[in-house]
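K.L.:
This structure is in structure tokens; I'll ask about it shortly.
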Amino acid sequence: MINVGEYRASDKMRDVVSDSPMLLMALSRFGISLGFSDDTVEDVCHRSGVHVPTFLAVASLVGRKVLTNGEVSLPSLMDYLKRAHSYFIDFYLPQIRQKLISAISCAGSEDVALVILRFYDDYVAEVRRHMGFENECVFPYVEDLLNGKRRAGFSIDADFLANHEPIETKLHELKDIFICHYHGDAANNDLLNSVLFDIINCEQDLMSHCEVENGIFAPAVHRLERKIKSRGASDKNKSSVAVGRDPLVHNLTDREKEIIRNVARGMSNKEIADNLCLSVHTVATHRKNICSKLDIHSAAGLTIFAIIHRLINVTEVKL
């Protein structure tokens, strides 16, 4: 019997899955196979090498229960998120595309079908960019943190949460287009309803995925950042110590300091964007804010500022 408020390690895994069928996806992403008989959550997780508090945290969120207070394992959680990314990009979204082609190719105008397919393809490209940033920039950053290293100018708040927009919005729009506006052939209703069912499930799955990232992953990374910062305070070099006491520099964010360093190294906005996994527009916005704070508007002026305030060693400057 499942407790109303939360899932527990002593619950039978089959009861947990029966209580919330959406957890079937979580099992797969944790690498947990079916066939667990009457085993408890704890037994099943131990057998599969899964961190129990991490599984319970994800299961509680997906199953709309009270989140547990256990300390999650970031390696286990990142493995879960990477598997989810692969599932969406390599399996589920392509599968929906194939069903979408079958459903709309036999119904309605060919022009409308092409526009719908283009809309869907643009959405998938957006998802690829979204998850690609996490795979290529966010997860390596967290792996560095786990190894005791903090990447200068990058933080989970400024570089992940601040730009972590919902990715199911366009899928919701496509669902509404079919439900409210699309007129297909009645003989093709089964195909249309089937693909619509998949779109609705995918939308819910993506919403749940983003909730795990925002509600479990990001807070865990934030706690790790604080630990690394406090543990490494005594190891900062003299340049960093001087910066911490300088009121002008103290008013700059870590991201703004890193951009000033890259400007002093002679990098263009495009090169800075590529180096920091940002958009060119975001870099330009940061530079505008820097100029406003410092009243310095040229690259040469920012370079001199960086040297004087020990943001960068003069040997790194491109003269």
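K.L.:
Is there any pair linking a residue in segment 216-234 that is over 22 Å from Val66 (Cβ atoms) to one that is at pLDDT 80 or above and acidic (Asp, Glu), with Cβ under 8 Å and at least six apart or on different chains, and which?
P.N.:
Note: no pairs meet the criteria.
K.L.:
Can I ask one more? What helices (runs of 4 or more DSSP H) completely inside segment 244-319 contain at least 3 residues that are buried (at least 19 other Cβ atoms within 10 Å of the Cβ) and within 32 Å of the chain's Cα centre (by Cα)?
P.N.:
In segment 244-319, 254-264, 269-276, 280-294 are the helices (runs of 4 or more DSSP H) which contain 3 or more residues that are buried (at least 19 other Cβ atoms within 10 Å of the Cβ) and within 32 Å of the chain's Cα centre (by Cα).
K.L.:
Is it the case that segment 21-41 has a residue that's in contact with a Gly (Cβ under 8 Å, 6 or more places away or on another chain), at pLDDT 90 or above, among the hydrophobic types (A, V, I, L, M, F, W, C) and under 24 Å from Glu134 (Cβ atoms)?
P.N.:
Yes, some residue in segment 21-41 is in contact with a Gly (Cβ under 8 Å, 6 or more places away or on another chain), at pLDDT 90 or above, among the hydrophobic types (A, V, I, L, M, F, W, C) and under 24 Å from Glu134 (Cβ atoms).
K.L.:
Out of everything in segment 10-33 that is surrounded by fewer than 15 Cβ atoms within 10 Å (Cβ to Cβ) and small (Gly, Ala, Ser), what residue ends up being farthest from Phe88 (Cα to Cα)?
P.N.:
Restricting to residues being surrounded by fewer than 15 Cβ atoms within 10 Å (Cβ to Cβ) and small (Gly, Ala, Ser), the top hit is Ser10.
K.L.:
Let me confirm something: among Val66, Val62, which residue is within 23 Å of Phe217 (Cα to Cα) and either touching a strand residue (DSSP E or B) at 6+ places or on another chain (Cβ under 7 Å) or surrounded by 19 or more Cβ atoms within 10 Å (Cβ to Cβ) (or both)?
P.N.:
Val62
K.L.:
Ok, one more. I'd like the full set of residues that are more than 21 Å from the chain's Cα centre (by Cα) and touching a residue at least 60 places away in the same chain (Cβ under 8 Å), limited to segment 16-58.
P.N.:
Hits for segment 16-58: nothing passes.
K.L.:
Pairs, please: C-beta under 6 Å, at least 6 apart or cross-chain, first residue in contact (Cβ under 8 Å) with a residue 12 or more places away in the chain and in segment 143-167, second open to solvent by 70 Å² or more (accessible area, probe 1.4 Å) and assigned to a helix (DSSP H, G or I)?
P.N.:
Every condition considered, the pairs that remain are Gly153/Asp254.
The values are calculated or read from the model by the stated rules, or taken from the named source; none is laboratory data. All values reported here derive from a predicted model rather than from experimental measurement. Neighbour counts are summed over all protein chains in view; Cβ atoms, including those assigned to glycine, are modelled from backbone coordinates with ideal geometry. Surface accessibility is based on the protein's heavy atoms, side chains included, excluding ligands, DNA and RNA. Shrake-Rupley method; radii C 1.70, N 1.55, O 1.52, S 1.80 Å.
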